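A.B. asks: Please find one structure pasted underneath; my questions will follow.
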Amino acid sequence: MAAEKVHCLIIGSGPAGYTAAIYASRAGLSPVLYQGIQPGGQLTITTEVENYPGYPDGIQGPEMMVHFENQAKRMGTDIRYGLATKVDFSTRPLRVEIDEEKWIETDALIISTGASAKWLGLESEQRLNGYGVSACAVCDGFFFKGKEVAIVGAGDTAAEEALYLSKICSQVHMIVRRDEMRASKVMIDRVLKTENIKIYWNSETDEVLGDKKVESVRIKNNQTGEKQEIPVSAFFVAIGHKPNSDIFKGLLDMDDAGYIKTIPGTSKTNVEGVFASGDVQDKIYRQAVTAAGTGCMAALDAERYLGENGLH
(Lines give C-alpha, C1' and ligand atoms only; values in the text may rest on other atoms or scores of the structure.)
Protein backbone atom coordinates (compact mmCIF):
# COMPACT_ATOMS: atom_id res chain seq x y z
CA MET A 1 0.00 0.00 0.00
CA ALA A 2 1.45 3.38 -1.02
CA ALA A 3 2.24 5.82 1.77
CA GLU A 4 0.26 9.03 2.05
CA LYS A 5 2.44 12.11 1.58
CA VAL A 6 1.96 15.18 3.78
CA HIS A 7 3.95 18.37 4.20
CA CYS A 8 3.96 18.65 8.00
CA LEU A 9 2.88 15.91 10.41
CA ILE A 10 2.11 16.54 14.08
CA ILE A 11 1.69 13.63 16.47
CA GLY A 12 -0.01 14.25 19.80
CA SER A 13 -2.85 16.56 20.75
CA GLY A 14 -2.25 18.37 24.01
CA PRO A 15 -1.53 22.11 24.21
CA ALA A 16 1.81 21.58 22.41
CA GLY A 17 0.38 19.65 19.45
CA TYR A 18 -2.62 21.92 18.95
CA THR A 19 -0.56 25.12 19.25
CA ALA A 20 1.94 23.74 16.71
CA ALA A 21 -1.04 22.97 14.46
CA ILE A 22 -2.43 26.53 14.76
CA TYR A 23 0.93 28.08 13.83
CA ALA A 24 1.72 25.55 11.09
CA SER A 25 -1.74 26.07 9.53
CA ARG A 26 -1.34 29.85 9.53
CA ALA A 27 2.06 29.44 7.87
CA GLY A 28 0.47 27.48 5.04
CA LEU A 29 2.10 24.14 5.95
CA SER A 30 -1.20 22.20 5.64
CA PRO A 31 -0.49 20.17 8.79
CA VAL A 32 -2.02 16.78 9.52
CA LEU A 33 -2.38 16.04 13.25
CA TYR A 34 -2.90 12.58 14.75
CA GLN A 35 -4.40 12.81 18.22
CA GLY A 36 -2.69 9.77 19.74
CA ILE A 37 -3.76 7.55 22.60
CA GLN A 38 -5.25 10.33 24.75
CA PRO A 39 -6.85 13.04 22.55
CA GLY A 40 -6.33 16.31 24.39
CA GLY A 41 -3.50 14.90 26.49
CA GLN A 42 -3.17 15.07 30.27
CA LEU A 43 -5.50 18.07 30.53
CA THR A 44 -8.42 15.78 29.75
CA ILE A 45 -7.92 14.14 33.17
CA THR A 46 -7.67 17.50 34.93
CA THR A 47 -10.82 19.17 36.16
CA GLU A 48 -10.50 22.91 36.83
CA VAL A 49 -7.66 24.82 35.11
CA GLU A 50 -7.12 28.23 36.71
CA ASN A 51 -3.53 29.02 35.74
CA TYR A 52 -3.87 29.33 31.95
CA PRO A 53 -3.97 32.99 30.84
CA GLY A 54 -7.14 34.22 29.16
CA TYR A 55 -9.62 32.28 31.28
CA PRO A 56 -10.32 34.66 34.18
CA ASP A 57 -12.96 32.37 35.69
CA GLY A 58 -10.99 29.16 35.10
CA ILE A 59 -12.04 26.38 32.73
CA GLN A 60 -12.43 22.61 32.80
CA GLY A 61 -9.39 20.86 31.25
CA PRO A 62 -11.38 18.82 28.69
CA GLU A 63 -13.34 21.92 27.58
CA MET A 64 -10.12 23.89 27.14
CA MET A 65 -8.74 21.15 24.88
CA VAL A 66 -11.92 21.29 22.77
CA HIS A 67 -11.24 25.04 22.33
CA PHE A 68 -7.66 24.30 21.24
CA GLU A 69 -8.86 21.61 18.82
CA ASN A 70 -11.57 23.84 17.31
CA GLN A 71 -9.08 26.66 16.79
CA ALA A 72 -6.61 24.34 15.05
CA LYS A 73 -9.46 23.02 12.87
CA ARG A 74 -10.66 26.52 11.98
CA MET A 75 -7.13 27.39 10.83
CA GLY A 76 -7.23 24.40 8.49
CA THR A 77 -5.50 21.55 10.36
CA ASP A 78 -6.51 18.05 9.23
CA ILE A 79 -7.17 16.42 12.65
CA ARG A 80 -7.41 12.65 12.74
CA TYR A 81 -7.80 9.84 15.25
CA GLY A 82 -4.80 7.52 15.32
CA LEU A 83 -1.62 6.60 17.11
CA ALA A 84 1.93 6.72 15.76
CA THR A 85 3.27 3.19 16.21
CA LYS A 86 6.60 3.22 14.38
CA VAL A 87 8.97 5.66 12.66
CA ASP A 88 11.60 5.42 9.94
CA PHE A 89 14.06 8.31 9.82
CA SER A 90 16.51 6.60 7.45
CA THR A 91 14.93 8.08 4.32
CA ARG A 92 13.62 11.43 3.11
CA PRO A 93 10.76 12.15 3.37
CA LEU A 94 10.50 10.88 6.96
CA ARG A 95 8.09 7.99 7.50
CA VAL A 96 5.63 7.46 10.36
CA GLU A 97 3.41 4.41 10.77
CA ILE A 98 -0.11 5.00 12.11
CA ASP A 99 -2.06 2.33 14.03
CA GLU A 100 0.33 -0.36 12.72
CA GLU A 101 -1.43 -0.25 9.36
CA LYS A 102 -0.61 2.78 7.23
CA TRP A 103 2.48 4.85 6.56
CA ILE A 104 2.62 8.63 6.26
CA GLU A 105 5.54 10.35 4.54
CA THR A 106 6.29 13.85 5.76
CA ASP A 107 8.79 16.63 5.08
CA ALA A 108 8.66 17.81 8.71
CA LEU A 109 7.61 15.97 11.87
CA ILE A 110 6.54 17.64 15.11
CA ILE A 111 6.47 15.30 18.10
CA SER A 112 4.04 16.35 20.85
CA THR A 113 3.31 12.95 22.36
CA GLY A 114 3.48 14.19 25.96
CA ALA A 115 4.16 12.24 29.11
CA SER A 116 1.98 10.10 31.32
CA ALA A 117 1.90 10.40 35.09
CA LYS A 118 2.97 7.25 36.89
CA TRP A 119 0.29 5.92 39.23
CA LEU A 120 0.37 3.52 42.16
CA GLY A 121 -2.15 1.20 40.49
CA LEU A 122 -4.92 1.34 43.07
CA GLU A 123 -8.56 1.04 42.00
CA SER A 124 -9.55 3.89 44.33
CA GLU A 125 -6.85 6.12 42.87
CA GLN A 126 -8.39 5.89 39.40
CA ARG A 127 -11.99 6.06 40.65
CA LEU A 128 -11.34 9.28 42.60
CA ASN A 129 -9.07 10.84 39.96
CA GLY A 130 -10.30 14.42 39.59
CA TYR A 131 -12.24 14.14 42.86
CA GLY A 132 -9.32 14.80 45.17
CA VAL A 133 -6.78 12.48 43.57
CA SER A 134 -4.29 14.32 41.36
CA ALA A 135 -0.84 13.90 39.84
CA CYS A 136 -0.13 17.64 39.80
CA ALA A 137 0.04 19.63 43.03
CA VAL A 138 0.89 22.85 41.18
CA CYS A 139 -2.28 22.44 39.08
CA ASP A 140 -4.71 21.34 41.78
CA GLY A 141 -3.28 22.22 45.20
CA PHE A 142 -5.05 25.58 45.25
CA PHE A 143 -8.45 23.87 45.50
CA PHE A 144 -7.49 22.45 48.89
CA LYS A 145 -6.42 25.70 50.50
CA GLY A 146 -6.34 25.45 54.28
CA LYS A 147 -7.11 21.71 54.23
CA GLU A 148 -5.11 18.58 55.11
CA VAL A 149 -3.68 16.70 52.14
CA ALA A 150 -1.44 13.69 51.49
CA ILE A 151 1.33 13.29 48.94
CA VAL A 152 3.18 10.12 47.96
CA GLY A 153 6.73 10.16 46.57
CA ALA A 154 10.34 10.66 47.63
CA GLY A 155 12.12 12.38 44.74
CA ASP A 156 12.75 16.04 43.97
CA THR A 157 9.31 16.44 42.38
CA ALA A 158 7.57 15.04 45.46
CA ALA A 159 9.67 17.28 47.75
CA GLU A 160 8.97 20.32 45.59
CA GLU A 161 5.24 19.60 45.48
CA ALA A 162 5.11 18.94 49.25
CA LEU A 163 6.75 22.33 49.86
CA TYR A 164 4.34 23.99 47.44
CA LEU A 165 1.38 22.40 49.24
CA SER A 166 2.77 23.35 52.66
CA LYS A 167 2.31 27.03 51.75
CA ILE A 168 -1.40 26.69 50.99
CA CYS A 169 -2.62 23.65 52.97
CA SER A 170 -2.89 23.39 56.75
CA GLN A 171 -1.05 20.05 56.92
CA VAL A 172 0.80 17.91 54.39
CA HIS A 173 1.14 14.19 55.10
CA MET A 174 4.05 12.84 53.05
CA ILE A 175 4.18 9.10 52.44
CA VAL A 176 7.69 7.76 51.76
CA ARG A 177 8.27 4.10 50.90
CA ARG A 178 11.76 3.71 52.37
CA ASP A 179 13.57 5.12 55.39
CA GLU A 180 15.14 7.84 53.24
CA MET A 181 14.24 10.13 50.34
CA ARG A 182 15.73 10.06 46.84
CA ALA A 183 15.51 13.85 46.57
CA SER A 184 18.56 16.09 46.56
CA LYS A 185 19.97 17.07 49.96
CA VAL A 186 18.85 20.67 49.71
CA MET A 187 15.25 19.60 49.00
CA ILE A 188 15.25 17.04 51.82
CA ASP A 189 16.52 19.69 54.26
CA ARG A 190 13.75 22.07 53.23
CA VAL A 191 11.07 19.42 53.69
CA LEU A 192 12.40 18.39 57.11
CA LYS A 193 12.47 22.02 58.26
CA THR A 194 8.86 22.67 57.23
CA GLU A 195 6.66 22.38 60.29
CA ASN A 196 3.42 21.44 58.59
CA ILE A 197 4.90 18.56 56.56
CA LYS A 198 4.68 15.26 58.43
CA ILE A 199 6.66 12.38 56.92
CA TYR A 200 5.59 8.74 57.26
CA TRP A 201 8.76 6.72 56.60
CA ASN A 202 8.72 3.07 55.41
CA SER A 203 5.09 3.49 54.43
CA GLU A 204 2.97 2.55 51.45
CA THR A 205 -0.49 3.63 50.39
CA ASP A 206 -2.95 0.84 51.07
CA GLU A 207 -6.08 2.59 49.81
CA VAL A 208 -7.55 6.01 49.11
CA LEU A 209 -10.88 6.19 50.92
CA GLY A 210 -13.99 8.12 50.04
CA ASP A 211 -17.24 7.61 48.21
CA LYS A 212 -17.68 10.60 45.87
CA LYS A 213 -14.48 12.42 46.88
CA VAL A 214 -11.28 11.79 48.84
CA GLU A 215 -11.98 11.60 52.57
CA SER A 216 -8.91 9.80 53.92
CA VAL A 217 -5.95 7.63 53.01
CA ARG A 218 -5.04 4.32 54.62
CA ILE A 219 -1.32 3.66 54.86
CA LYS A 220 0.64 0.62 55.91
CA ASN A 221 4.02 0.54 57.63
CA ASN A 222 6.38 -1.74 55.66
CA GLN A 223 8.25 -2.88 58.75
CA THR A 224 5.46 -3.47 61.29
CA GLY A 225 2.57 -4.12 58.90
CA GLU A 226 0.55 -1.70 61.01
CA LYS A 227 -2.17 0.27 59.16
CA GLN A 228 -3.49 3.72 59.92
CA GLU A 229 -6.03 6.07 58.42
CA ILE A 230 -5.25 9.74 57.87
CA PRO A 231 -8.22 12.08 57.18
CA VAL A 232 -7.33 14.20 54.11
CA SER A 233 -9.21 16.13 51.43
CA ALA A 234 -6.76 15.38 48.62
CA PHE A 235 -4.22 12.74 47.63
CA PHE A 236 -1.35 13.76 45.34
CA VAL A 237 0.74 11.19 43.48
CA ALA A 238 4.28 12.43 42.78
CA ILE A 239 6.17 9.30 41.79
CA GLY A 240 7.25 10.65 38.42
CA HIS A 241 6.17 10.85 34.79
CA LYS A 242 7.06 8.68 31.84
CA PRO A 243 7.54 10.47 28.52
CA ASN A 244 5.70 8.85 25.62
CA SER A 245 8.83 8.43 23.55
CA ASP A 246 9.30 4.65 23.22
CA ILE A 247 8.95 4.55 19.42
CA PHE A 248 11.89 6.97 19.05
CA LYS A 249 14.35 4.97 21.17
CA GLY A 250 17.67 4.57 19.40
CA LEU A 251 16.74 7.21 16.80
CA LEU A 252 16.51 10.41 18.81
CA ASP A 253 18.83 11.59 21.59
CA MET A 254 17.15 11.19 24.98
CA ASP A 255 18.07 11.51 28.62
CA ASP A 256 18.10 8.53 31.00
CA ALA A 257 14.39 8.90 31.72
CA GLY A 258 13.43 8.91 28.03
CA TYR A 259 12.78 12.64 27.57
CA ILE A 260 13.71 13.74 24.04
CA LYS A 261 16.67 16.13 24.00
CA THR A 262 16.30 19.32 21.98
CA ILE A 263 19.01 21.80 21.01
CA PRO A 264 18.79 24.48 23.74
CA GLY A 265 16.65 27.43 22.71
CA THR A 266 14.99 25.45 19.91
CA SER A 267 12.68 22.50 19.38
CA LYS A 268 15.20 20.76 17.09
CA THR A 269 16.20 17.15 17.77
CA ASN A 270 19.35 15.42 16.53
CA VAL A 271 17.49 14.36 13.36
CA GLU A 272 16.96 17.05 10.72
CA GLY A 273 13.32 17.86 10.15
CA VAL A 274 12.19 16.33 13.45
CA PHE A 275 11.05 18.71 16.19
CA ALA A 276 9.88 17.96 19.75
CA SER A 277 7.59 20.04 21.94
CA GLY A 278 5.64 19.75 25.17
CA ASP A 279 6.04 17.26 27.98
CA VAL A 280 7.84 14.65 25.86
CA GLN A 281 10.88 16.96 26.03
CA ASP A 282 10.16 19.00 29.18
CA LYS A 283 10.54 17.34 32.56
CA ILE A 284 10.98 20.57 34.49
CA TYR A 285 7.92 22.77 33.98
CA ARG A 286 5.23 20.45 32.59
CA GLN A 287 2.54 23.14 32.41
CA ALA A 288 -0.08 23.72 29.71
CA VAL A 289 1.25 27.22 29.03
CA THR A 290 4.88 26.12 28.61
CA ALA A 291 3.80 23.19 26.41
CA ALA A 292 1.87 25.61 24.19
CA GLY A 293 4.96 27.83 23.99
CA THR A 294 7.17 24.99 22.77
CA GLY A 295 4.46 23.94 20.29
CA CYS A 296 4.70 27.42 18.80
CA MET A 297 8.51 27.09 18.66
CA ALA A 298 8.25 23.72 16.90
CA ALA A 299 5.95 25.09 14.17
CA LEU A 300 8.20 28.11 13.59
CA ASP A 301 11.31 25.87 13.51
CA ALA A 302 9.56 23.50 11.07
CA GLU A 303 8.51 26.39 8.82
CA ARG A 304 12.09 27.72 8.76
CA TYR A 305 13.51 24.24 8.07
CA LEU A 306 11.11 23.65 5.17
CA GLY A 307 11.89 27.09 3.69
CA GLU A 308 15.66 26.66 3.95
CA ASN A 309 15.48 23.26 2.27
CA GLY A 310 13.26 24.41 -0.59
CA LEU A 311 10.37 22.31 0.66
CA HIS A 312 7.99 25.20 1.36
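For every residue, the table says whether it meets (1) touching a His at 6+ places or on another chain (Cβ under 6 Å); (2) under 17 Å from CYS136 (Cβ atoms); (3) surrounded by fewer than 22 Cβ atoms within 10 Å (Cβ to Cβ).
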{"residue": "GLY12", "(1), (2), (3)": "no, no, no"}
{"residue": "LEU29", "(1), (2), (3)": "yes, no, no"}
{"residue": "GLN38", "(1), (2), (3)": "no, yes, yes"}
{"residue": "ASP57", "(1), (2), (3)": "no, no, yes"}
{"residue": "LEU83", "(1), (2), (3)": "no, no, yes"}
{"residue": "SER90", "(1), (2), (3)": "no, no, yes"}
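A.B. asks: Would you confirm whether any residue within region 140-147 is at pLDDT below 95, touching a helix residue (DSSP H, G or I) at 6+ places or on another chain (Cβ under 9 Å) and assigned by TED's automatic domain parsing to the domain that holds VAL232?
C.D. replies: Yes, because at least one residue in region 140-147 is at pLDDT below 95, touching a helix residue (DSSP H, G or I) at 6+ places or on another chain (Cβ under 9 Å) and assigned by TED's automatic domain parsing to the domain that holds VAL232.
A.B. asks: Show the residue pairs meeting these rules: Cβ distance below 8 Å; 6+ apart or different chains; first residue within region 185-210 and assigned by TED's automatic domain parsing to the domain that holds SER166; second residue part of a helix (DSSP H, G or I) and β-branched (Val, Ile, Thr).
C.D. replies: Going by the 8 Å Cβ cut-off, the qualifying pairs are ILE197/VAL191; ILE199/VAL191.
A.B. asks: Could you look through region 276-312, keep only residues that are among the basic types (Lys, Arg) and in a loop (DSSP other than H, G, I, E, B), and pick out the one that is modelled with the lowest pLDDT?
C.D. replies: So the residue we want is ARG286.
A.B. asks: To continue, here is another question. What are the residue pairs meeting all of these: first residue in region 297-312, first residue under 11 Å from ALA24 (Cβ atoms), second residue polar (S, T, N, Q) and modelled with pLDDT of 95 or more, Cβ atoms under 8 Å, and 6 or more apart or on different chains?
C.D. replies: ALA298/SER112; ALA298/SER267; ALA298/SER277; ALA299/THR19; ASP301/THR266; ASP301/SER267
A.B. asks: Can you say whether ALA276 is touching a helix residue (DSSP H, G or I) at 6+ places or on another chain (Cβ under 6 Å) and of a type outside the set (D, E, K, R), as far as the supplied structure shows?
C.D. replies: So ALA276 does not fit the description; no.
A.B. asks: Now a separate question. Listed residues GLU63, GLU100, GLU69, GLU105; which is at positive phi and among the acidic types (Asp, Glu)?
C.D. replies: GLU100
A.B. asks: Among the candidates LYS198, LYS220, LYS212, single out the residue that is assigned to a strand (DSSP E or B), over 17 Å from GLY155 (Cα atoms) and not acidic (Asp, Glu).
C.D. replies: The conditions single out LYS220.
The values are calculated or read from the model by the stated rules, or taken from the named source; none is laboratory data. Bear in mind the structure is a predicted one, so any value in this text is a computation, not a measurement. Using ideal geometry, Cβ is built from the backbone for each residue, glycine included, and neighbour counts are taken over all protein chains shown.
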